[in-house]
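*Asks:* Could you have a look at this structure, given as structure tokens, before my questions?
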Amino acid sequence: MHLTKISQDFSVSSQITAADVTEIANAGFKSIICNRPDFEESTQPMFNDIAKAAHDAGLKTEYLPITAMPLPEQITEMANAISELPKPIFAYCRSGNRSSILFHAANG
């Protein structure tokens, strides 16, 4: 897991596993946003598995998948999640790029 800090309260990474959630919680994150659709690749972990591990670790989660450039309603959903979820927030997708783009669009 390679973490990139985007702002004081928001970081992104590539795909995580349920086993990574403990490390994310121990790093002080309070919420996880998934910007990767389930079944994008056959071997990726499903969001529900990560959400269960996050719940067990006391973290909040949000599932906001995008497949290309974000649509206006997806930007609004991301802005709402960023404002409502406990901080700091950890977001992920396949590479971290979509999460970063969506963060900047939501804060633009």
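The values are calculated or read from the model by the stated rules, or taken from the named source; none is laboratory data. Fair warning: this is a prediction, and the values are worked out from it, not measured in the lab. Heads up, the Cβs are rebuilt from the backbone with ideal geometry, glycines too, and the neighbour counts pull from every protein chain shown. In case anyone asks, the SASA skips ligands and DNA or RNA and just uses the protein heavy atoms, side chains included. Shrake-Rupley method; radii C 1.70, N 1.55, O 1.52, S 1.80 Å.
*Asks:* Output the residue which, of all residues in the stretch 86-95 that are open to solvent by less than 70 Å² (accessible area, probe 1.4 Å), touching a residue at least 60 places away in the same chain (Cβ under 8 Å) and assigned to a loop (DSSP other than H, G, I, E, B), is farthest from Gln74 (Cα to Cα). Explain how you work it out, then say what you get.
*Replies:* Step one: filter the stretch 86-95 for residues open to solvent by less than 70 Å² (accessible area, probe 1.4 Å), giving 86, 88-93, 95.
In the following step, the residues that additionally are touching a residue at least 60 places away in the same chain (Cβ under 8 Å) were identified as 88-93, 95.
Next cut, assigned to a loop (DSSP other than H, G, I, E, B) only: 88, 93, 95.
On the way: Pro88: 20, Cys93: 14, Ser95: 19 Å.
Among those residues, the one meeting the criterion is Pro88.
*Asks:* Is the stretch 27-46 home to any residue that is hydroxyl-bearing (Ser, Thr, Tyr) and within 14 Å of the chain's Cα centre (by Cα)?
*Replies:* Within the stretch 27-46, the first condition is being hydroxyl-bearing (Ser, Thr, Tyr), and the residues that meet it are 31, 42-43.
Filter once more, keeping what is within 14 Å of the chain's Cα centre (by Cα): 31.
The answer is yes, given that some residue of the stretch 27-46 is hydroxyl-bearing (Ser, Thr, Tyr) and within 14 Å of the chain's Cα centre (by Cα).
*Asks:* Taking Thr4 and the conditions (1) open to solvent by 40 Å² or more (accessible area, probe 1.4 Å); (2) β-branched (Val, Ile, Thr); (3) closer than 15 Å to His55 by Cβ; (4) assigned to a strand (DSSP E or B), which numbered condition does it fall short on, given that it satisfies the others?
*Replies:* (3)
*Asks:* Moving on. Quickly run through the stretch 8-41 and pick out the residues that are open to solvent by 30 Å² or more (accessible area, probe 1.4 Å), among the small types (Gly, Ala, Ser) and within 20 Å of Gln74 (Cα to Cα).
*Replies:* Ser14
*Asks:* Being assigned to a helix (DSSP H, G or I) and more than 13 Å from the chain's Cα centre (by Cα) is the filter here; which residues of the stretch 52-76 pass it?
*Replies:* Lys52, Ala53, His55, Asp56, Pro72, Glu73, Gln74, Ile75, Thr76
*Asks:* Also: Suppose the filter is among the aliphatic types (A, V, I, L, M) and closer than 18 Å to Asn107 by Cα; does Met78 pass it?
*Replies:* Yes, satisfied.
*Asks:* Also, I was wondering about something else. Taking Arg98 and the conditions (1) open to solvent by 20 Å² or more (accessible area, probe 1.4 Å); (2) in contact with a strand residue (DSSP E or B) (Cβ under 8 Å, 6 or more places away or on another chain); (3) touching a residue at least 12 places away in the same chain (Cβ under 8 Å); (4) part of a helix (DSSP H, G or I), which numbered condition does it fall short on, given that it satisfies the others?
*Replies:* Looking at each condition in turn, Arg98 falls short on (2).
*Asks:* Within the group Asp49, Asp20, which residue is within 13 Å of the chain's Cα centre (by Cα) and either modelled with pLDDT of 95 or more or acidic (Asp, Glu) (or both)?
*Replies:* Asp20
*Asks:* Just give me the residues in the stretch 42-77 being among the small types (Gly, Ala, Ser) and surrounded by 12 or more Cβ atoms within 10 Å (Cβ to Cβ), in sequence order.
*Replies:* Ala51, Ala53, Ala54, Ala57
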